[in-house]
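The values are calculated or read from the model by the stated rules, or taken from the named source; none is laboratory data. Predicted model only: the values in this text are computed from it and were never measured. We place every Cβ from the backbone using ideal geometry, glycine too, and count neighbours over all the protein chains shown. Note: areas computed on protein heavy atoms with side chains; ligands, DNA, RNA excluded. Shrake-Rupley method; radii C 1.70, N 1.55, O 1.52, S 1.80 Å.
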Amino acid sequence: MGIPAVRSGRPSLDGRPDTPLLVDRFGRVARDLRVSITEKCSLRCTYCMPEEGLPPIPKDELLTVDEIVRLVVLAVEQLGVREVRFTGGEPLMRRDLEQIIGGCHERLPGIPLAMTTNGVGLEHRARGLAAAGLGRVNVSLDTVDRNGFAKLTRRDRLDSVLAGIRAARAAGLAPLKVNAVLMRETLSGAADLLEWCLAEECELRFIEEMPLDADHEWARANMVTAAELLDVLGARFTLTEAGRSDPSAPAEKWLVDGGPATVGIIATVTRKFCDTCDRTRLTADGMLRSCLFSDQEFDLRQAIRSGADDAELATIWRGAMWNKWAGHGIDAEDFVPPERTMGAIGG
């Protein structure tokens, strides 16, 4: 998992305007909160986790249900957050997930609550999660080829994922989105995945692979770009560029065969969108991160357990986001990937 630069206490607020919102020095405002609730996962995707899984976080270092709810409510009521997404690892690995969702929904009934999941086991919990207040899910699925899925995830669980997607749709968790990381070994099946998603009424979004893999094998020269994907999909479908519906949304959309169905591409590397980023992140062990690629973290868990009131927590959060950097810098010659991998940060 690495050892990021964890900071306790207050980050610098020098020059920050007097506003309750999570503004940074570049004029961006964070309104989208990503909350990782566990480092555990039921799969071992090569671009995310090592084969043996991530080092376990001791139970007493994980944020509790009450601590998660407190921080989410604080973010919404005092910091201007308007969307909340729960991630992992794999959030379904927490048995108290329904309590986390329910606690947040009870306190914040008007705030959209979403979850990113790999879908394994979702078929058994989709209705309960919807009843607790979950509004929608994004399911990670890179291929519908069973052998390819098993090789990429190191687990033969494709049937469970597909059943989970269908259960989520039946439970009313919509719009249902499927996220697929662009990989060289699955590129030839990209059109098959899109065809499956169209038939299942899912919105598919492809994501350029980022240097967040645990094995540190990512290389810019080997990654599949958005342009390559469009060529592959264009051999079977007619794609018409539709742009972004929201300037802060990461996905550029294309109409498929004239629409209304669309396919999205999140070109995190070749068409970066750092200048419109509106996200703020909490890790499962209570660290606040202003950027997916920044190793600077602020320890909210320690602050909470040391007796900090909400005003103090809000000050730390505002300062952390005020010091957010301009962008991930993947194209820079001196770029260094973050110490934490994707699975340890949360998607």
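Between the residues 87, 99, 240, the greatest Cα displacement towards the positive end of the dipole of the chain, with unit charges on the Cβ of Lys, Arg, Asp and Glu, is found for 99. What separates the Cα centres of the stretch 129-158 and the stretch 29-49 is a distance of 14 Å.
By the Cβ distance rule (another cysteine Cβ under 4.7 Å), the unpaired cysteines of the chain are 41, 104, 274, 277, 291.
Decide, for the stretch 53-154, between rounded, prolate and oblate: order the square roots of the alpha carbon gyration tensor eigenvalues as a ≥ b ≥ c, take rounded if a/c falls under 1.5, and otherwise choose prolate if a/b is larger than b/c, else oblate. Prolate. Where only DSSP H runs of four or more residues are counted, the chain gives -8000 deg cm²/dmol as its mean residue ellipticity at 222 nm, each run worth -39500 (n - 2.57).
With a Förster radius of 35 Å applied to the C-beta separation of residue 275 and residue 10, the computed FRET efficiency comes to 0.85.
Accessible area per residue for the chain is 42 Å², calculated with a 1.4 Å probe on protein heavy atoms, without ligands, DNA or RNA. Computed from phi, the 3J(HN,Hα) profile of the stretch 34-47 under the Karplus parametrisation 6.51, -1.76, 1.60 (θ = phi - 60°) reads 9, 10, 7, 10, 6, 9, 6, 8, 8, 10, 9, 4, 5, 8 Hz, with x in place of Gly and Pro.
Between residue 326 and residue 195, the simple label model (points 7 Å from Cα in the Cβ direction) yields a spacing of 4.5 nm.
Hey, any idea what % of the stretch 32-344's accessible area is carbon plus sulfur with a 1.4 Å probe? Of all accessible area on the stretch 32-344, carbon and sulfur atoms account for 48 percent. Rounded to the nearest 10 degrees, the angle from helix 310-322 to the longest Cα principal axis of the chain is 60 degrees. Mean separation of Cα pairs under 8 Å and 6 or more residues apart, divided by the residue count, gives the stretch 32-344 a relative contact order of 19 percent.
Overall form of the stretch 79-208: prolate. Here a/c, set by the Cα gyration tensor axes a ≥ b ≥ c, is 1.5 or more, and a/b is the larger of a/b and b/c.
Calculated FRET efficiency, residue 66 to residue 127, Cβ-Cβ distance, R0 = 30 Å: about 0.75 to the nearest 0.05.
Calculated FRET efficiency, residue 83 to residue 312, Cβ-Cβ distance, R0 = 25 Å: about 0.55 to the nearest 0.05. In whole angstrom, how far apart do the alpha carbon centroids of the stretch 87-101 and the stretch 299-315 sit? Here the two parts' Cα centres lie 23 Å apart. Length gained on full extension, residue 19 to residue 187, computed as 0.36 nm times the residue gap minus the Cα-Cα distance: 55.9 nm.
With all protein chains in place and ligands, DNA and RNA left out, the 1.4 Å accessible area ranks 272, 253 as 272, 253, largest first.
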